[in-house]
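Reading through the structure tokens given below for one structure.
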Amino acid sequence: MTNQTRTGRLPGLAIDPAAFEPADFEPAAIEPAVAEELGATRSASRGIFEAVWDLLTSMRFSLVVTLGMAVLGVLGALIIQVPAGVEADASAKLDWLAGVRPRFGGWTDILDSLQLFNVFNSIWFRGLTAFLTISLIACMVQRAPGLWRTATKPRITVGDGFFAHARERDSIVVRGDAADLATRTTAVLRRHHYRVVSEDDGAINFYADRFRWAPFGSLIGHLAIVVILAGVMVGALYGFRDNSFVIAEGSTAAVPSGDGLSLKLISFEDSYYTTTGAPSDYASELILFENGREVARQTVRVNDPLRYGQLSFFQSFYGPAARMTVTGTDGSVLFSDGVALAWETQDDGRSIGTFTLPGQDVTVWILATLGPGDTQVKPGQILVETYRASTGEPIDQVSIDQGVATTISGLDFTFDRELQFTGLSVARDPGTILVWIGSILLIAGFTIGFSFPHRRLWARLVVRPNGIGTLAVATPGRASHDVDRAFTNLVTDLRAAVAGPSAS
Amino acid sequence: MEKMSYYAFVSAMLVTAFALVLYVAYAISGLRAARMQTAGNGLGMRTGTLGLVVEPRTATFGRYGSILGWLAFAFLSAWLVFRTIATGHGPFANMYEFSVAFAWGILGAYYWFERSYHQRILGLLALPIALAMMLYAATIPNQIDPLLPALQNNLLLTVHVAVAIVAYGSFSIAFVAALLFLFQQRPIERAFGLGFTVSLLALVVGAILSALLVGFVVAVIAGLVVGAIVYALDGRRGLATIDTSGGSWGLPRPAVLDEIGYKAVVVGFPFLAATIVLGALWAEVAWGRYWNWDPKETASLVTWLIYATYLHARVIRGWTGSRAAILLQIGFGATILTYFGNYFFGGLHSYAGLG
Ligand code: HEM
């Protein structure tokens with residue numbers, strides 16, 4: 001408390017004391033000379049750094065920033081947002097804009113140039129987030145020393161003005177020996193779970209408080225936001241994600257970015273409720289190999305990812321696949337594997353997949369039937385299209401029956417059987433752990449800050465030589481039900497303990 | 001069990017409606033008592049120790065209203081238990097279950113605050129919100145569907161939504177306190193408070209009837225009209241002269257309402273934070289990504305930011321009192337829009353869900 005006049009503010013508070021704790025310290029309690037002197041130095045040395053610092057630590061401004069973020073959030077929730085990946089791809093972006101143009105008309109280009117189709121990556125949002133981060137750090141740096149002083153070196157003696165004007169105050173007539181009364185006062189305060197410090201300057205001054213460390217909870221809660229944002233940053237910088245890792249049943253595929261890892265899909269199962277026909281489960285039975293050695297085996301489901309090291313595999317989507325075998329004219333097997341039909345043709349929505357043949361200048365696309373009524377690719381058939389790999393020029397286009405070897409472009413193609421593929425998201429996000437730690441600190445910090453408000457109380461015992469005196473008690477803070485009740489109870493107990501026999 | 005839960009739900013709805021009638025009677029007789037007292041008319045009236053009017057009829061209405069409210073809460077709790085048994089998981093998997101649970105949360109929060117602050121009159125506004133949630137629940141399908149794969153995480157589903165219910169219930173109380181607070185301020189604030197409430201209602205109804213645009217237009221117009229009427233009436237009837245510190249019309253003192261609003265946010269704020277974090281945790285487990293900027297997710301973050309703003313506003317000079325109360329109203333608006341997010345964002349934003 002002794003230091004609080006230094007900035008004309010309460011310890012660690014970015015706001016003026018009058019607004020924060022109206023009755024905390026009346027002007028009378030602050031030595032005017034000190035306040036004046038410091039006020040003068042402040043305005044004289046006020047340069048650009050101070051101005052920026054004042055802005056960053058101003059709660060009023062942080063309020064504007066949070067509201068600004070809220071407004072951007074509303075825009076982001078209401079305006080359709082560009083899917084991830086499209087923004088970076090200029091032609092895809094144009095297609096996408098053309099798609100939303102009917103809905104937004106002339107506003108489309110305006111919204112786009114304001115980056116409102118990509119709010120959460122926009123310069124506005126990033127700017128506000130950066131500002132918020134710096135502001136949070138600045139606020140807490142400014143706040144911490146004051147909180148520390150309040151907790152460790154509280155001011156014990158306060159001026160009379162405080163006892164005369166504090167919102168919660170009382171005065172008890174006492175009778176007896178000063179030392180004895182002081183002991184009783186201390187005992188009552190301790191019984192109410194207060195820590196008590198006292199000082200004798202003719203009168204006996206008491207300072208008592210509870211939960212003096214709890215304000216650090218709120219401090220930690222604020223800094224936790226920085227931790228979370230740091231986690232997001234780490235994820236963006238060092239994380240890796242592939243949302244379209246596809247494996248056909250029976251096949252093994254190299255894990256993107258997973259050095260030496262490969263994943264084999266034993267089987268994929270999608271099941272449905274018999275009652276409603278709604279999906280009940282998607283399950284991929286997977287084996288993970290590291291340099292050819294099995295290191296993990298798990299059935300991955302929607303709520304049950306496979307985690308290995310820093311990598312995680314999540315069930316994401318699924319679809320049809322086909323087992324194909326291709327042999328050369330000499331009878332050597334060029335290809336025999338499952339092929340995921342993970343794309344769709346634009347015109348008729350056929351499932352389509354592709355593979356290449358080692359040592360051949362051929363790219364193969366295979367297309368699935370659309371079901372009964374499809375004349376081009378009948379059920380049980382698959383359409384094979386071959387292209388020159390070097391030039392992209394089409395060669396052949398033949399629908400072949402299942403199980404029948406058919407010669408296309410000089411190679412024997414067999415459609416062995418239908419399969420399914422599973423689509424996984426592969427992610428490595430080293431920032432996640434920071435996000436969780438930050439989240440826990442945030443909730444815990446604010447909960448502690450809220451649940452245990454720092455309660456402070458000052459008392460002054462003056463006993464005149466004739467053995468009669470007063471015990472003045474006062475507590476700062478805004479009027480509140482809880483404080484009121486606690487204070488009343490405390491004063492009642494104090495009165496019972498110290499009021500002289502004749503006074504009571 | 002499903003039948004039993006349904007009966008419990010219907011009973012809760014009826015009892016809440018009865019309780020509401022008693023609360024209205026309580027409010028009216030309280031208002032009359034307050035009028036007579038200000039008029040200095042002591043006809044057969046006793047004045048209590050604190051100068052409060054103790055008119056037997058008023059107290060009786062209030063007491064029975066409370067008792068019925070407790071009963072409604074008990075019925076909803078029974079609903080919760082029966083439905084949990086019937087479905088095998090926390091009853092939070094579809095809009096029907098979530099809405100009834102929301103009503104439960106509001107009633108719970110209300111009675112919690114009634115116990116600590118003895119301000120029955122909050123129920124006059126809290127019960128209609130709970131009743132509206134139940135009525136809404138009654139109009140939507142309530143069969144028990146088996147869970148889709150993404151929802152098959154009993155622990156996270158239950159905890160995530162249970163925590164959300166506590167937050168939403170608290171924010172409802174904060175809203176009610178803020179409305180009663182604004183009601184006792186200057187005419188312009190009173191007009192804003194009522195206009196905002198009416199337009200929020202219009203917006204939600206419009207969205208539910210899938211006429212979002214109409215709802216929006218009606219909301220703006222109705223808000224302005226109600227605001228204007230209140231404002232005009234104020235001038236004529238001289239209501240403008242009510243004392244902004246003393247508690248008018250038998251209503252609690254503004255300082256008390258301010259404190260109730262704050263306390264409600266103090267509960268709701270960490271719970272909403274927990275809701276968001278649990279949602280992120282779940283998204284990570286199910287989809288591999290803790291944050292997707294999906295509209296509902298975004299909306300809950302916005303809501304949280306608004307309440308953070310409120311918590312700051314309360315300690316900034318010039319932002320306390322009415323401005324803080326207005327932030328509470330906006331915060332509840334955001335809560336409600338987040339809750340009915342499917343109706344709002346569905347039309348504008350077709351979210352390409354994974355899986
Ligand atoms: C999204 C960002 C923020 C959130 C969610 C947030 C949240 C909160 C909450 C919940 C409280 C009440 C804590 C309590 O009473 O124990 C609080 C208080 C406070 N905040 Fe923030 N805050 C944010 C940003 C900031 C920034 C940028 C500043 C700096 C200007 C700041 C300065 C303060 C101060 C000084 C208090 C103290 C008031 C008090 O002790 O009651 N906050 N904040």
Can you tell me which of (1) more than 8 Å from chain B (Cβ to nearest Cβ); (2) within 43 Å of the chain's Cα centre (by Cα); (3) crowded, with 19+ Cβ neighbours inside 10 Å is the one A:Phe415 doesn't meet?
(2)
Do we have any residue at all in the stretch B:279-300 that's assigned to a helix (DSSP H, G or I) and within 11 Å of the ligand (Cβ to nearest atom)?
no
Could you say which residue among A:Ile228, A:Ile204 is farther than 26 Å from A:Pro83 by Cα and not assigned by TED's automatic domain parsing to the domain that holds A:Ile287?
A:Ile204
Answer with yes or no whether B:Ala313 is more than 30 Å from B:Ile208 (Cβ to Cβ), touching a Phe, Trp or Tyr at 6+ places or on another chain (Cβ under 8 Å), modelled with pLDDT of 85 or more and crowded, with 21+ Cβ neighbours inside 10 Å.
yes
Checking A:Thr275 against (1) more than 8 Å from every other protein chain (Cβ to nearest Cβ); (2) loosely packed, with under 15 Cβ neighbours inside 10 Å, which test does it fail?
(1)
For the stretch B:173-206, which positions are open to solvent by less than 10 Å² (accessible area, probe 1.4 Å) and not in a helix (DSSP H, G or I)?
B:Gln184
Within the stretch A:185-196, tally of residues that are surrounded by fewer than 17 Cβ atoms within 10 Å (Cβ to Cβ) and either outside any loop (DSSP other than H, G, I, E, B) or within 16 Å of the ligand (Cβ to nearest atom) (or both)
4
Could you go through the stretch A:299-319 and let me know if any residue there is more than 27 Å from A:Ala405 (Cβ to Cβ) and either in contact with a His (Cβ under 7 Å, 6 or more places away or on another chain) or acidic (Asp, Glu) (or both).
yes
I'm told A:Phe104 meets every condition in (1) within 14 Å of chain B (Cβ to nearest Cβ); (2) within 12 Å of the ligand (Cβ to nearest atom) except one. Can you identify the failing condition by its number?
(2)
Going through A:Gly423, A:Gly469, A:Gly371 one at a time, which residue ends up being in a strand (DSSP E or B), of a type outside the set (A, V, I, L, M, F, W, C), closer than 30 Å to A:Arg301 by Cβ and open to solvent by less than 40 Å² (accessible area, probe 1.4 Å)?
A:Gly423
Are there any pairs, at least 6 apart or on different chains, whose C-beta atoms fall under 7 Å, with the first in the stretch B:254-278 and facing another protein chain (nearest Cβ under 7 Å) and the second surrounded by fewer than 24 Cβ atoms within 10 Å (Cβ to Cβ) and of a type in the set (Gly, Ala, Ser), and if so, which?
B:Ala255/A:Ala479; B:Glu259/A:Ser480; B:Val277/A:Ser439
Tell me whether the stretch B:239-255 contains one or more residues that are farther than 24 Å from B:Phe171 by Cα, open to solvent by 30 Å² or more (accessible area, probe 1.4 Å), at pLDDT 80 or above and away from the ligand (no atom under 16 Å from the Cβ).
no
For residues in the stretch A:243-266 being part of a strand (DSSP E or B) and open to solvent by 30 Å² or more (accessible area, probe 1.4 Å), which is nearest to A:Met324 (Cα to Cα)?
A:Thr252
Quick one: in the stretch A:70-88, which of the residues that are facing chain B (nearest Cβ under 7 Å) and within 14 Å of B:Ile330 (Cβ to Cβ) is surrounded by the fewest Cβ atoms within 10 Å (Cβ to Cβ)?
A:Val74
For the stretch A:332-345, does any single residue satisfy the condition of being over 30 Å from B:Glu284 (Cβ atoms) and surrounded by 20 or more Cβ atoms within 10 Å (Cβ to Cβ)?
yes
Going through B:Ala164, B:Ala132, B:Ala138 one at a time, which residue ends up being assigned to a helix (DSSP H, G or I) and either in contact with a Lys or Arg (Cβ under 7 Å, 6 or more places away or on another chain) or open to solvent by less than 40 Å² (accessible area, probe 1.4 Å) (or both)?
B:Ala164
Flag for B:Leu31 being on the phi < 0 side of the Ramachandran plot and modelled with pLDDT under 85:
yes
Look through A:Ala138, A:Ala130, A:Ala151, A:Ala144 and report the one residue that is within 16 Å of the ligand (Cβ to nearest atom), in a helix (DSSP H, G or I) and touching a Lys or Arg at 6+ places or on another chain (Cβ under 7 Å).
A:Ala151
Cross-chain or 6+ apart pairs with Cβ under 7 Å, the stretch A:260-284 first and under 14 Å from B:Asp145 (Cα atoms), then of a type in the set (Phe, Trp, Tyr) and part of a strand (DSSP E or B):
A:Ala278/A:Tyr272; A:Pro279/A:Tyr272; A:Ser280/A:Tyr272
Result of the Cβ filter at 6 Å on the stretch B:286-303, keeping first residues that are within 12 Å of B:Leu337 (Cα to Cα) and more than 7 Å from chain A (Cβ to nearest Cβ) and partners that are part of a helix (DSSP H, G or I) and polar (S, T, N, Q), at least 6 apart or interchain, is B:Ser300/B:Thr338; B:Thr303/B:Thr335; B:Thr303/B:Thr338
Is it the case that A:Pro453 is within 16 Å of the ligand (Cβ to nearest atom) and crowded, with 19+ Cβ neighbours inside 10 Å?
no
Just checking, how many residues over the stretch A:377-412 are open to solvent by 70 Å² or more (accessible area, probe 1.4 Å), in contact (Cβ under 8 Å) with a residue 12 or more places away in the chain and not in a strand (DSSP E or B)?
2
With the condition kept exactly as written, say whether any residue in the stretch B:314-321 is outside any loop (DSSP other than H, G, I, E, B) and either at the interface with chain A (Cβ under 8 Å from one of its Cβ atoms) or in contact with a Lys or Arg (Cβ under 7 Å, 6 or more places away or on another chain) (or both).
no
A:Ser439 being of a type outside the set (A, V, I, L, M, F, W, C), surrounded by 15 or more Cβ atoms within 10 Å (Cβ to Cβ) and within 16 Å of the ligand (Cβ to nearest atom)
yes
Evaluate the following for A:Gly431: is it away from chain B (no Cβ under 14 Å), farther than 18 Å from A:Thr345 by Cβ and either in contact (Cβ under 8 Å) with a residue 12 or more places away in the chain or over 40 Å from the mean Cα position of the chain (by Cα) (or both)?
no
Counted residues in the stretch A:197-215 being within 10 Å of the ligand (Cβ to nearest atom) and open to solvent by 20 Å² or more (accessible area, probe 1.4 Å) come to 1
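The values are calculated or read from the model by the stated rules, or taken from the named source; none is laboratory data. Everything numeric here is computed off the predicted structure, so don't read it as measured data. Note that we place each Cβ from the backbone using ideal geometry, even for glycine, and neighbour counts take in every protein chain shown. To get the accessible areas, we keep the full protein, side chains included, count just its heavy atoms, and leave off ligands, DNA and RNA. Shrake-Rupley method; radii C 1.70, N 1.55, O 1.52, S 1.80 Å.
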